[in-house]
Amino acid sequence: MFDKRLLGLIIIVGFVAGLVGAFYTHLLHYIQHVMYNYSTAEGLTFGQAVARVTPEHRVIALLACGLVGGIGWVLIHRYGEPLVDIKKAVQDRTKEMPPLKTCIHATLQIITVGMGSPLGREVAPREASAGIMSALLKHVDMKSDDKSLIIACAAGAGLASVYNSPLSAAIFILETLVISWNVRSMSAALLSCGIATLVVRQSGVGDTIQYTMAQPPLYGSYQEFAIVLGAVIAIGVLLFDKTQALLPTFDRKSPKMILVSVLAFGFVGVMAMFYPEILGNGKAGNQLTFTDLVTWDYALGLLATKWIAVLLALMAGAYGGRITPSMMLGSTLSLAFAALWSVMVSPVSLGFAAFLGAVVFLGLAQKMPITSCVFMLELSRFSVEMFFPITLAMGSALIVQQILKARFSL
């Protein structure tokens, strides 16, 4: 049951996360406009602005990103209290998130993503919101379980605020953080995410639709394709996880990480000379694949370069979200596979395939299959008609993933 104190804190969570999300959204856009020489009045997307500048401009921007990120994260790791992951803070209330360091860490993520880092922006508002609430909870006498719920709601509401996705963010809280579906947890998650979304919509960001495009058509053997695609995506996710596990580890406190960061991001900039859509979290690539505006071979090029770019950023010690990068890896892989399917079996919409692949790759890679199914429809406002092929593909992918893990001890 809720007491007045817990209810009040849940309401505060929504307002804090909403304000954090709005601030980070405006900050991200400001940095993007400065780095890539465009303004809101021009009506360009970030992807269009990046593609418009010269290839050399992209390299210079990513070198600067590597320098800023390298110096910033070395300083963060060298000084102050250790960073605490949100899941650890939720599961173990003896692990306190250091508020100031967490907020600086989150802000640096937004700065680097705005400069072109291939990672996502959604972790920053989650961490900052949770860090602020963690500081507030030090002055509140309440049960450990209630504090864990507040931190989880802060993280989920941060996700809702930055993506305008209240329902999927609430499911994210329940599915990945508190791992509970009781009425108490559900009501807290829904209320905090709803308030955060309301605050963002009233703070100059508005009711933003992340992917404003027509829903791709469903035709041909799309049911059978969805089932087979699930297996393909499962293999892709396992391979991506395997490549991440092979990354070398460095001492993140060492000044040598600054050079590693500059070189890694510089290489990302070189790849962006040919594939500008890999810069930023991945939305630019998704906008092309969802609307079938790229060929299958260009999609494979985007898949390979985004894959490498994400690994390089992680190796360099950069932080950021994995949601939209996962979506882009799934969408590009699926578009290429759909082109082959259309030739070998029967035609299917390539835009539909890309969207479906983004949903499934995200669900498996981030271990949030139910959240992913709802999240993608909230981002696009597509019809719930899409739930049918999504469930087929996600179910197939989860089964194949478990079989492969058991078979090869992954």
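The values are calculated or read from the model by the stated rules, or taken from the named source; none is laboratory data. Model, not experiment: these values are computed from the prediction. Backbone-built Cβ (ideal geometry, glycine too); neighbour counts: all protein chains shown. For the accessible areas, the whole protein counts, side chains as well, though only heavy atoms, and no ligand, DNA or RNA atoms are used. Shrake-Rupley method; radii C 1.70, N 1.55, O 1.52, S 1.80 Å.
General observations
- Taken together, LEU312, LEU288, LEU247, LEU279 contain a single residue that is in contact with a helix residue (DSSP H, G or I) (Cβ under 7 Å, 6 or more places away or on another chain) and over 30 Å from LEU75 (Cβ atoms), which is LEU288.
- Of the set (1) in contact (Cβ under 8 Å) with a residue 40 or more places away in the chain; (2) touching a Ser or Thr at 6+ places or on another chain (Cβ under 9 Å), all apply to PRO55 but (2).
- Any hit, segment 317-330, residues being surrounded by fewer than 24 Cβ atoms within 10 Å (Cβ to Cβ) and among the hydrophobic types (A, V, I, L, M, F, W, C): no
- Of the helices (runs of 4 or more DSSP H) that lie entirely inside segment 82-191, those containing 1 or more residues that are without any contact (Cβ under 8 Å) to a residue 40 or more places away in the chain and surrounded by fewer than 17 Cβ atoms within 10 Å (Cβ to Cβ) span 86-91, 99-115, 123-137, 144-163.
- The set of residues from segment 24-41 being open to solvent by 70 Å² or more (accessible area, probe 1.4 Å) and hydrophobic (A, V, I, L, M, F, W, C) comprises VAL34, ALA41.
- Meets criteria (without any contact (Cβ under 8 Å) to a residue 12 or more places away in the chain, under 19 Å from ILE173 (Cβ atoms), open to solvent by less than 40 Å² (accessible area, probe 1.4 Å) and part of a helix (DSSP H, G or I)) for GLY21: no
- Among the residues of segment 267-298, those that are more than 19 Å from VAL310 (Cα to Cα) and of a type in the set (Phe, Trp, Tyr) comprise PHE290, TRP296.
- PRO255 being out of contact with any strand residue (DSSP E or B) (no Cβ under 9 Å at 6 or more places or on another chain) and either open to solvent by less than 70 Å² (accessible area, probe 1.4 Å) or more than 30 Å from ALA309 (Cβ to Cβ) (or both): no
- Odd one out for VAL270 among (1) open to solvent by 10 Å² or more (accessible area, probe 1.4 Å); (2) in a helix (DSSP H, G or I); (3) free of Cβ contacts under 8 Å to residues at least 40 places away in the same chain: (3)
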